Amino acid sequence: MGAGVERIPVVAETDHLREIPPGKMAIWVFLASEILVFGGLITAFVLYQFAHGGFSADAAHVKWRFGAFNTLVLVTSSMTMIRALASARANDRARTQMFLLLTVLLGCAFLGVKTFEYSSEMREGFYPSSGMFWSFYFGMTGLHALHMMAGIAINLMLLIAVTRELPWEFLRRRIEYGGLYWHFVDVVWIFLFPLLYLT
Amino acid sequence: MLAGWMPQSVSTFGGKIDHVVYLVFYIVGFFFLLTEGLLIYFALSSRRKRPRRAHYNRGDTPREAAWILVPALVILGLDLGIDSAGHRAWELEKSARPASAIEIKVVAKQFNWEFTYAGPDGKLGTADDVVVENELHVPLGKVVRLSLNSEDVIHSLWIPNFRLKQDVVPGRAIPAWFEATKAGTYEIACSELCGFGHYSMRGTVVVQTEQDYSKWMNDNVLHAANSSSAGQ
Amino acid sequence: MNVAIKPHPHASHELGFIRRYIFSTDHKVIAKQYLGLSAVMAIIGGFSAYIIRWQLAWPETSVPGWGPIGPDQYNAIVTMHGTVMVFFVAMPFLLGGFGNYLIPLMVGADDMAFPRLNAMSFWTQLLASSVLIASMFAPEGPAASGWTAYTPLSDNPVYTGVYLGQDLWILASALEFGAFLMGGVNFITTALNLRAPGMTLMRLPLFVWMEITAAVVFLLSVGPLIAAAIMLLLDRRLGTSFFRPDKGGDPLLWEHLFWFFGHPEVYVVALPGFGIMLEVMPVFARKPIFGYKMIVYSTIAVGLLSFVVWAHHMFVSGMDPRLATPFSITTIMISVPFAIIVFAMIATLWRSSIRFTAPMLFAIGGLASFLIGGVTGIFLGSQASDIYMHGTYFVVAHFHYTMFPVTFFGGMAGLYFWFPKMFGRTMNETWGKIHFWFSFFLFNGVFIPLFLVGIGGQPRRIYELSSYDMFKPLQSLHVIATVCAIGLFLVQIPFVVNLFYSMVHGKVAEKNPWHSNTLEWTLDSPPHHLNFPTPPRVYRDPYEYSVPDLTEDWLPQDQPPAIPATSAAR
Ligand code: HEA
Ligand code: HEA
Ligand code: CUA
Ligand SMILES: [Cu+2]
């Protein structure tokens, strides 16, 4: 065996990247690109706000009380989601189910309030076509609501998986990833709320 | 070499733009010939005629890497040179706002150009303004300032002989200027896709000597304004 | 997602035909489906190019095999050509096809990290392609606002007269982004997490590096465009006013969002093409890649820089002129990492021992052509000279000289090179060489004249140039380009025949016909479902060719080191 071959170390160093579970890696990569979807919208909104010297006249018509209430609902739902994962880690099936169900219900509550909000705004004559602020308002909250629906669907699937008594190892991982997504959707709202309701 | 293909430059900043084009041409031309030459030379000289062993080298020692990194550094330096030459020409054409007596409003719409001249009161935006379709008359050797507006979609005012190109965006008034250095008639093209008539959205710019221009002004703008106000 | 349990290695034998070849989750089958789909779309893309070229050369005649076309139809065909070629040929060919096939094999994995997500990616892409094709039959015709869909032309249907067609275009693009989002997540996860023992990051074949860089760049740039696509659709259908100046919106916002994605996108296409050339070159030069690490770091640098150059498409768009110089600096700076990659490729050939096979010719020819595209990018990157060049045929020639070499020459190099692995047979070499030489000269014959047309000042997307006196002399250049383009289409016919003939009748290929080092060549041709019968172990870098003191001039990555030199062959 010649010297040339062994110029390169043959045995590999330890490789930490490989120890990350693929699912976790994937969900983070996915969320990174999701962040940019909302990032693009939010940047555009902020730039327009500068260009128009603020949207406060329009923003006065959104019901910040509903927004604040919904923020509370979502923050609570993030907490129940965390509790669900903790219960799964403790192999407590009943509590896992309960917290997942709570999260789903809170999500539905959010959407219910949102629907009510939309309809009352439309009754007052504010539609997506009522100008720049309303374009952004409906566009961003609408896209967020779609993400909420996806999150609710994911949590329902998790709930079914828990009920079907799939192995804990598997469930824990799934609940963790589902939770990451749920928190992401929550965080998006935390950004949208002050931008749209408190300007 | 490029000059033969580019239309004659007849604006004050045209030469500066061309200068940058040539600068880029010579710099990248040199490296292009060098890389292409080496590629062909190495490829042909390494052709395997009889079984021959390649020279084992991985290019991972600093000495070997220098063969690549040093030229790369040179390129970085030349890049910055291109940037700074480009910056000066750009500032001249796009950021400078030389004082001018002639202001013309340009309105682009599907699919023609409207040039609005101030009437006898010398002010744009008043009732005596005169609109000329598709034909821009300007005096030789005078700074002309344009305000570009669009009624519908994005167009782009492109006067190859002036080296002047500027998109015309609905919702904003974009300034532009030029100073022509040679009398004659030159073409205006639209260089942003704006619909089915994009290909024929042609205009002309007529550069006239001072006298010819005044005469044209009198006949077409001042007179036209008078007659229209008289008719009211 | 199959995070939990992997099926038994031999389970595949029980799969029926449908599960195995149609709704397969095997990355190799999905890769072939992607290749097939992109080939079908390439026919559409190529045919539209033919219509464009004929119209430009002989505008007063009707296009044989199509009929006379009007200016609105011309715009629609150019739009379809650009969209199809970039999103439905280049990406599925280089990423969906080669990326899918090779990443798991090269890193030593049994399949992608998420095989079902991978299958979903393909089916979404198929749906996207179908929607795009359907849009061509929309009542007012397909989208006609260019592949860049500048607003408000694309926003308010009255400006083009296209209603449904543009909506379907948006939908097709959005689906395509979805498909490659799924694909990209898979690429990155597979290449980072499923590497075989010993396959460190710095032992990854460069193709894998380029694919994952491309995937990362794609994933991090597409978000804003997805947002923009939604906004555009809302503008068109719900009356919002994001890009509508008449209602307070701003058309330049679209340009920013589009190019924030659009520029990185061109490297998403370019990097995999380069990756293929980088795999092919050392094998036929029998020499290690010169400066592997420099190439890796340069690739990452290209990826990073690609996010801060987008406004070079917008120098004269009416944005703040003070932004031009910063963007010009970043843009032209990309020439540095690219120069390193290119010089490293050239240095790899220095004192090598080259066999000019068809794949090698395509790789070298691709690099040689790309150089023209690369250096002409500098004319556009300079804010001052772009005032002249922007929106002219110079841009058209520039981007064909970058996109075509990476998709066509790079893709063909890959196809001839990995064909034996994919189909177990070898393609005919002689016809391959004929294919190369004709394609090479004819391609240059098409686009060199178009540079001159651009320097002459002719704008792009022009249905016919006779309205302008100054451009009329350029007509003969258009004729030359068209004659060569028609030749270019014709030489693809023997290629297609060769392709299908070789699948059935080609010379049966061994495991490692090119004596190559990377892991895919240690498997049968074609490899079985779930790839590696025994998990591979990697001991060294991927390009150890012509190592001194060995009898053989190649040294596979998985060959244990303790074996005496004389029996190094396998
Ligand atoms: C694969 C695709 C690809 C690639 C790799 C590139 C690479 C580059 N492109 Fe291109 N480009 C496109 C595809 C691509 N482009 C497309 C599709 C469009 C038009 C879209 C549309 O409007 O429809 C476009 C348009 C475009 C524009 C906008 C033009 C306009 O509309 O006004 C600009 C401006 O800066 C530009 C610049 C560059 C630069 C600087 C590079 C650089 O990355 C090139 C770097 C490489 C080299 C420089 C060669 C190697 C180096 C050497 C040989 C060393 C010597 C070099 C020097 C001394 C500088 N491109
Ligand atoms: C990858 C991208 C790609 C490719 C390969 C091509 C290929 C060709 N293009 Fe195109 N082109 C674009 C991307 C591409 N184009 C884009 C983005 C635009 C801008 C659109 C717009 O303005 O909106 C454009 C615009 C454009 C114009 C300008 C129209 C105008 O502005 O008015 C012209 C004119 O000559 C043209 C011609 C051609 C020709 C003759 C070919 C020939 O080279 C075609 C020959 C090729 C084939 C016959 C098949 C190709 C096969 C493959 C690529 C791989 C095959 C894969 C398998 C077999 C699996 N193209
Ligand atoms: Cu106006 Cu193109
Ligand atoms: Cu770009």
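Below, the figures for the structure above:
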item	result
Per-region count, region B:169-195, residues farther than 16 Å from B:E114 by Cα, without any contact (Cβ under 8 Å) to a residue 24 or more places away in the chain and among the hydrophobic types (A, V, I, L, M, F, W, C)	1
Test for B:P175: is it of a type outside the set (S, T, Y), more than 16 Å from ligand 1 (Cβ to nearest atom), more than 25 Å from B:D219 (Cβ to Cβ) and more than 8 Å from chain C (Cβ to nearest Cβ)	yes
Answer from C:V336, C:V395 - the residue that is within 16 Å of ligand 3 (Cβ to nearest atom) and either assigned to a helix (DSSP H, G or I) or in contact with a Phe, Trp or Tyr (Cβ under 8 Å, 6 or more places away or on another chain) (or both)	C:V395
Filter pass, C:P152 being away from chain B (no Cβ under 12 Å), in a loop (DSSP other than H, G, I, E, B), of a type outside the set (K, R) and within 16 Å of C:L233 (Cα to Cα)	no
Flag if C:M403 is surrounded by fewer than 24 Cβ atoms within 10 Å (Cβ to Cβ) and aliphatic (A, V, I, L, M)	yes
Condition met for C:T376 (among the hydroxyl-bearing types (S, T, Y) and within 20 Å of C:V268 (Cα to Cα))	yes
When residues of region B:59-87 are limited to those that are among the charged types (D, E, K, R) and surrounded by 14 or more Cβ atoms within 10 Å (Cβ to Cβ), the one nearest to the chain's Cα centre (by Cα)	B:D83
Residue ID - nearest to ligand 2 (Cβ to nearest atom), chosen from residues in region B:91-104 that are within 19 Å of the chain's Cα centre (by Cα) and away from chain C (no Cβ under 12 Å)	B:I104
Conditions (1) under 19 Å from the mean Cα position of the chain (by Cα); (2) crowded, with 22+ Cβ neighbours inside 10 Å; (3) within 13 Å of chain A (Cβ to nearest Cβ); number of the one not met by C:G223	(1)
Scan of region C:308-325 for residues that are within 20 Å of C:F261 (Cβ to Cβ) and either without any contact (Cβ under 8 Å) to a residue 12 or more places away in the chain or assigned to a helix (DSSP H, G or I) (or both), ordered by number	C:V308, C:W310, C:A311, C:H312, C:H313, C:L323
Filter result for the condition that a residue is facing chain B (nearest Cβ under 7 Å) and either touching a helix residue (DSSP H, G or I) at 6+ places or on another chain (Cβ under 6 Å) or modelled with pLDDT of 95 or more (or both), over C:I334, C:I387	C:I387
Test for B:G59: is it at the interface with chain C (Cβ under 7 Å from one of its Cβ atoms), of a type outside the set (D, E), more than 16 Å from ligand 3 (Cβ to nearest atom) and part of a loop (DSSP other than H, G, I, E, B)	yes
Residue check, C:T392 touching a strand residue (DSSP E or B) at 6+ places or on another chain (Cβ under 9 Å), surrounded by 24 or more Cβ atoms within 10 Å (Cβ to Cβ) and at pLDDT 95 or above	yes
Cβ pairs under 6 Å, 6+ apart, first in region C:343-354 and under 21 Å from C:F370 (Cα atoms) and facing chain B (nearest Cβ under 7 Å), second among the aromatic types (F, W, Y) and part of a loop (DSSP other than H, G, I, E, B)	C:A344/C:F290; C:A347/C:F290
Out of C:F436, C:F409, sole residue that is over 30 Å from B:T204 (Cα atoms), in contact with a Gly (Cβ under 7 Å, 6 or more places away or on another chain), more than 16 Å from ligand 1 (Cβ to nearest atom) and within 14 Å of another protein chain (Cβ to nearest Cβ)	C:F436
So B:A89, is it within 16 Å of ligand 1 (Cβ to nearest atom) and of a type in the set (G, A, S)	yes
Unique match (being under 26 Å from the mean Cα position of the chain (by Cα) and among the charged types (D, E, K, R)) among C:E552, C:E464, C:E520	C:E520
Among the candidates C:I69, C:I103, C:I77, residue that is within 14 Å of chain B (Cβ to nearest Cβ) and either buried (at least 22 other Cβ atoms within 10 Å of the Cβ) or among the aromatic types (F, W, Y) (or both)	C:I77
Strands (runs of 3 or more DSSP E) contained entirely in region B:91-147, each with at least 1 residues that are aliphatic (A, V, I, L, M) and surrounded by fewer than 14 Cβ atoms within 10 Å (Cβ to Cβ)	B:130-133
Members of region B:148-165 found to be more than 7 Å from chain C (Cβ to nearest Cβ) and outside any strand (DSSP E or B), listed by number	B:E151, B:N161, B:F162
Which listed residue is within 14 Å of chain A (Cβ to nearest Cβ), within 19 Å of the chain's Cα centre (by Cα), surrounded by fewer than 24 Cβ atoms within 10 Å (Cβ to Cβ) and touching a residue at least 60 places away in the same chain (Cβ under 8 Å), from C:M202, C:M120, C:M182	C:M182
Residue within region A:99-119 that is free of Cβ contacts under 8 Å to residues at least 24 places away in the same chain and basic (K, R) present	no
Residue identified as surrounded by fewer than 23 Cβ atoms within 10 Å (Cβ to Cβ) and either without any contact (Cβ under 8 Å) to a residue 12 or more places away in the chain or assigned to a helix (DSSP H, G or I) (or both) among C:L305, C:L257, C:L271, C:L278	C:L305
Single unsatisfied condition, C:G377 versus (1) at the interface with chain B (Cβ under 10 Å from one of its Cβ atoms); (2) crowded, with 24+ Cβ neighbours inside 10 Å; (3) under 20 Å from the mean Cα position of the chain (by Cα); (4) near ligand 1 (Cβ under 9 Å from one of its atoms)	(2)
Meets criteria (facing chain B (nearest Cβ under 9 Å) and assigned to a helix (DSSP H, G or I)) for C:S328	yes
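Table: residues versus (1) within 14 Å of chain C (Cβ to nearest Cβ); (2) within 16 Å of ligand 2 (Cβ to nearest atom); (3) in contact with a Gly (Cβ under 8 Å, 6 or more places away or on another chain).
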position: B:A108; (1), (2), (3): yes, no, no
position: B:Y117; (1), (2), (3): no, no, no
position: B:D121; (1), (2), (3): no, no, no
position: B:T126; (1), (2), (3): no, no, yes
position: B:D129; (1), (2), (3): no, no, yes
position: B:E133; (1), (2), (3): no, no, no
position: B:V144; (1), (2), (3): no, no, no
position: B:D167; (1), (2), (3): yes, yes, yes
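Table: residues versus (1) closer than 30 Å to C:M319 by Cα; (2) within 14 Å of chain C (Cβ to nearest Cβ).
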{"position": "A:S33", "(1), (2)": "yes, yes"}
{"position": "A:L36", "(1), (2)": "yes, yes"}
{"position": "A:L41", "(1), (2)": "yes, yes"}
{"position": "A:S78", "(1), (2)": "no, no"}
{"position": "A:I82", "(1), (2)": "no, no"}
{"position": "A:N91", "(1), (2)": "no, no"}
{"position": "A:L111", "(1), (2)": "no, no"}
{"position": "A:T115", "(1), (2)": "no, no"}
{"position": "A:F126", "(1), (2)": "no, yes"}
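The values are calculated or read from the model by the stated rules, or taken from the named source; none is laboratory data. Since the structure is predicted, the reported quantities are computational estimates derived from the model, not experimental observations. Positions of Cβ are generated from backbone atoms using ideal geometry, with glycine treated the same way; all protein chains shown enter the neighbour counts.
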